[in-house]
Amino acid sequence: MIYRPLVKRSKAKIICFSGLIIFIQAMNQSMDSNPRVFMDLSIFDTPPQRLEIELFSQVVPKTAKNFRALCTGEAGVGQTTGKPLHYKGSFFHSFYHSFGAEGGDFENNNGTGGESIYGGTFEPELYPGSRSGPGVLMTVTQRHTVIGSLFFLCYDHSPFLDGCSNVAFGKVVKGMETVIQLGKMGFARVQITDCGEVSVKPRSNSGVSLWIPTPDKLRNQSKKSGKLISEVENNTVTESGKVIIEKS
């Protein structure tokens with residue numbers, strides 16, 4: 001980062017730090033805004049067990065949107081399959097004892113069909129750090145390069161899924177006991193009896209403290225300008241440079 005020469009006017013300081021605080025607020029809000037969906041899984045026709053899944057919408061927005069809409073069924077009928085774009089009623093069609101189960105083929109229930117909400121398939125949103133692991137959901141590439149509606153539900157970490165075009169886009173946050181149960185069973189008849197979106201409550205903490213150098217720290221001058229930027233955008237910037245972000 002390159003710091004510009006000293007701006008003498010205090011108004012410029014206030015605008016600069018106001019923008020910085022708003023940016024930090026946006027980051028904290030984005031962590032709260034990840035959507036959550038649920039899947040009710042019936043194993044061998046037993047009463048459904050619920051999984052609650054958080055989607056990484058800030059990292060892979062297109063993939064997260066696709067999965068969320070396929071859980072709610074809001075996208076209507078597919079352009080290529082002519083089937084409802086909805087996971088409800090579909091089955092997991094493949095089971096890999098070492099790392100996970102594959103589902104999402106609401107067309108044929110065998111891994112050969114399915115469709116994204118964008119019509120057919122779309123390119124994977126590859127990103128560094130995408131890794132498999134217990135309860136992680138990953139995309140399944142079709143024809144080696146594109147994504148439709150298929151997905152992996154990981155039982156454990158698998159190097160087979162890392163570093164490829166399979167992208168981690170969510171994780172199970174409730175119902176891991178069901179994932180563990182599936183991992184122990186090997187093969188099972190698993191149907192998604194219901195699925196949809198979960199309302200996410202905002203965090204209850206009153207604020208987030210972040211340490212940000214003020215112009216005084218950067219230029220080793222007096223702390224007077226710290227007072228000029230205090231209480232910007234309903235937040236508190238102390239003279240020492242500690243920003244207290246108030247959250248409603």
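Observations on the model:
- Summed over the range 68-112, the residues that are among the hydrophobic types (A, V, I, L, M, F, W, C), under 19 Å from residue 137 (Cβ atoms) and out of contact with any Ser or Thr (no Cβ under 8 Å at 6 or more places or on another chain) give a count of 6.
- When we screen 112, 145, 139 for residues that are touching a residue at least 12 places away in the same chain (Cβ under 8 Å) and surrounded by fewer than 22 Cβ atoms within 10 Å (Cβ to Cβ), the only hit is 145.
- Applying the criterion of being of a type in the set (D, E, K, R) and within 17 Å of residue 122 (Cβ to Cβ) to the residues of the range 51-88, the residue that is surrounded by the most Cβ atoms within 10 Å (Cβ to Cβ) is 68.
- Single residue of 109, 66 found to be at positive phi and of a type in the set (S, T, N, Q): 109
- Flag for residue 136 being within 20 Å of residue 69 (Cα to Cα), modelled with pLDDT of 95 or more and out of contact with any Gly (no Cβ under 6 Å at 6 or more places or on another chain): yes
- Lone qualifier among 128, 124 - being modelled with pLDDT under 95, open to solvent by less than 50 Å² (accessible area, probe 1.4 Å) and not β-branched (Val, Ile, Thr): 124
The values are calculated or read from the model by the stated rules, or taken from the named source; none is laboratory data. Computed from a predicted model, the values in this text were never measured in an experiment. Counting neighbours? That spans all protein chains shown, and the Cβs are built from the backbone with ideal geometry, glycine included. These area figures cover heavy atoms from the full protein model, side chains too; ligands, DNA and RNA do not enter into them. Shrake-Rupley method; radii C 1.70, N 1.55, O 1.52, S 1.80 Å.
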